[in-house]
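The values are calculated or read from the model by the stated rules, or taken from the named source; none is laboratory data. For clarity, every value in this text was computed on a predicted model and none was experimentally measured. Cβ sites come from the backbone with ideal geometry, for glycine too, and all protein chains shown count toward neighbours.
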């Protein structure tokens, strides 16, 4: 028996650059990124409400491990998801998100050690 498709809630985000994006969370995968483990969070996004395409956010595992060591606990999977979502919002606001599918195909938004702490501060973690 085939599994029914998941119901996805489409949300809107009014970015500071003037665009109103629509997005929904699609899936998370555990991948290897530049030789190390990472979480790949895939969102379906649209900048024009006509074309929807995937955008990938890569959360590097070494950044999470360094944070866990410094803070005495690991981030939960919900907190890791929240970090990826905040990175998406940050990219919307800063105009980093491409508005076409071909441009998004090559792009990976990265959460590494240089960005993790700022994203966690936005979440009060």
If we take region 70-125, then helices (runs of 4 or more DSSP H) inside it with 3 or more residues that are closer than 17 Å to residue 43 by Cα, touching a strand residue (DSSP E or B) at 6+ places or on another chain (Cβ under 9 Å) and at pLDDT below 95 are 77-94, 101-106
Could you list, in sequence order, the residues of region 14-33 that are on the phi < 0 side of the Ramachandran plot and not in a strand (DSSP E or B)?
15, 16, 17, 19
Determine whether residue 68 is touching a helix residue (DSSP H, G or I) at 6+ places or on another chain (Cβ under 7 Å) and either surrounded by fewer than 15 Cβ atoms within 10 Å (Cβ to Cβ) or farther than 21 Å from residue 24 by Cβ (or both).
no
Restricting to region 34-62, count the residues that are crowded, with 20+ Cβ neighbours inside 10 Å and farther than 28 Å from residue 12 by Cα.
0
Every pair of residues 6+ apart whose Cβ atoms lie under 7 Å, when the first sits in region 74-95 and is free of Cβ contacts under 8 Å to residues at least 24 places away in the same chain while the second is in a helix (DSSP H, G or I) and surrounded by fewer than 17 Cβ atoms within 10 Å (Cβ to Cβ):
74/68
Please work out which residue is nearest to the chain's Cα centre (by Cα), limiting yourself to region 41-69 and to residues that are free of Cβ contacts under 8 Å to residues at least 40 places away in the same chain and not in a loop (DSSP other than H, G, I, E, B).
42
Residue that is under 17 Å from residue 122 (Cβ atoms) and surrounded by 15 or more Cβ atoms within 10 Å (Cβ to Cβ), where the choices are 89, 25
89
